[in-house]
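The values are calculated or read from the model by the stated rules, or taken from the named source; none is laboratory data. It should be emphasised that the depicted structure is a prediction, and the values quoted were computed from it without experimental measurement. Cβ coordinates were reconstructed from backbone atoms using ideal geometry, including for glycine residues, and neighbour counts include every protein chain displayed. Accessible surface areas use protein heavy atoms only, side chains included; no ligands, DNA or RNA. Shrake-Rupley method; radii C 1.70, N 1.55, O 1.52, S 1.80 Å.
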Amino acid sequence: EIIVAVPPKDYFIADRIYACSGSFINFTDTSTKRLTYSWTFSNGKRSSDRSPSIEFKDGGLYSATLTITDTNHCSYTVSRNNYIKISDIHPNFSVSKNHGCVPLYTELTDISYTLITLKERKWDFGNGKVMCSYYKDTNYTYTRVLPNRSQINGCQLTLTITDSIGCT
């Protein structure tokens, strides 16, 4: 009797391909009746589990490779390059004018880096005023200084960005 093994069509799936940094992604082997599993990931992680859960600490694009060996000792390998996309957010902005007299008009430009499409910008002007916007550029006029803050200390401007999968 001669037995010829036929490779499976699909080897694995992930429970999601977009996630925030520090997330665990669950991989599932979709083949049947296999003997051994050897997973390698471009974040340096490895596993011999059939369906491992892998943590991706840093933002970036990651590849996954699964080699399976069946009961006939035939090995099959599938790789998915840049399969997992982990959000990589680096908020940053430029200010046209950061000092002057009240009223102080300033133009703000978001120069943040994100791997995944940006959903929202939250500008906190440091004086009790907050604005949410999708737009990259905005402007603001400071018309007063908060009580208990000297003009020397000023207002702390901050930008929080959120991408389309909810990472900030």
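Net charge within 10 Å of Phe93 by Cβ-Cβ distance, Lys/Arg positive one each and Asp/Glu negative one each, not counting Phe93 itself?
With Lys, Arg at +1 and Asp, Glu at -1, the neighbours total 0.
To the nearest 20 debye, what is the magnitude of the charge dipole of segment 50-147 about its Cα centre, counting +1 on the Cβ of each Lys and Arg and -1 on the Cβ of each Asp and Glu?
220
Averaged per residue, what accessible area in Å² does the chain show with a 1.4 Å probe, protein chains only?
With all protein chains present, the chain gives 62 Å² per residue.
For the chain, what does the relative contact order come out to in percent, with C-alpha contacts under 8 Å and a separation of six or more?
18
Could you give me the radius of gyration and the Dmax of segment 41-110, taking only the C-alpha atoms into account and expressing both in angstrom?
23.4, 80
Antiparallel versus total DSSP beta bridges in the chain: what percent is that, nearest 5?
That works out to approximately 95 percent antiparallel.
What does the charge count near Thr109 come to, summing +1 for each Lys or Arg and -1 for each Asp or Glu among other residues with Cβ under 10 Å from its Cβ?
-2
Each residue of segment 126-139 in turn: what ³J(HN,Hα) in whole Hz from Karplus with 6.51, -1.76, 1.60 and θ = phi - 60°, glycine and Pro shown as x?
x, 10, x, 9, 10, 9, 9, 7, 7, 6, 6, 10, 8, 9
Can you tell me how much longer the chain between Ser48 and Met131 gets when fully stretched, taken as 0.36 nm per residue apart minus their C-alpha distance, in nm with one decimal?
Taking 0.36 nm per residue and subtracting the Cα distance, the gain is 25.0 nm.
Tell me, Kirkwood radius of segment 1-148 from alpha-carbon pair distances, in Å?
So the Kirkwood estimate lands at 19.3 Å.
Placing +1 on the Cβ of each Lys and Arg and -1 on the Cβ of each Asp and Glu in segment 52-107, which of Asn72, Ser87, Thr106 has its Cα farthest towards the positive end of the resulting dipole?
The listed residue farthest towards the positive side: Thr106.
With +1 on each Lys and Arg Cβ and -1 on each Asp and Glu Cβ, how big is the dipole of the chain about its Cα centre, in debye rounded to the nearest 20?
380
Run the accessible area of the chain with a 1.4 Å probe and give the carbon-and-sulfur part as a rounded percent.
Taking all protein chains in place, the chain shows 49 percent carbon and sulfur surface.
Using a Cα distance threshold of under 28 Å, what count of lysine pairs results for the chain when pairs must be 8 or more residues apart or interchain?
Going through the chain pair by pair, I get 20.
Translational diffusion coefficient of segment 1-62 at 4 °C, 1.567 mPa s, Stokes-Einstein with Kirkwood Rh over Cα pairs, in µm²/s as a whole number.
Stokes-Einstein gives a translational diffusion coefficient of 98 µm²/s.
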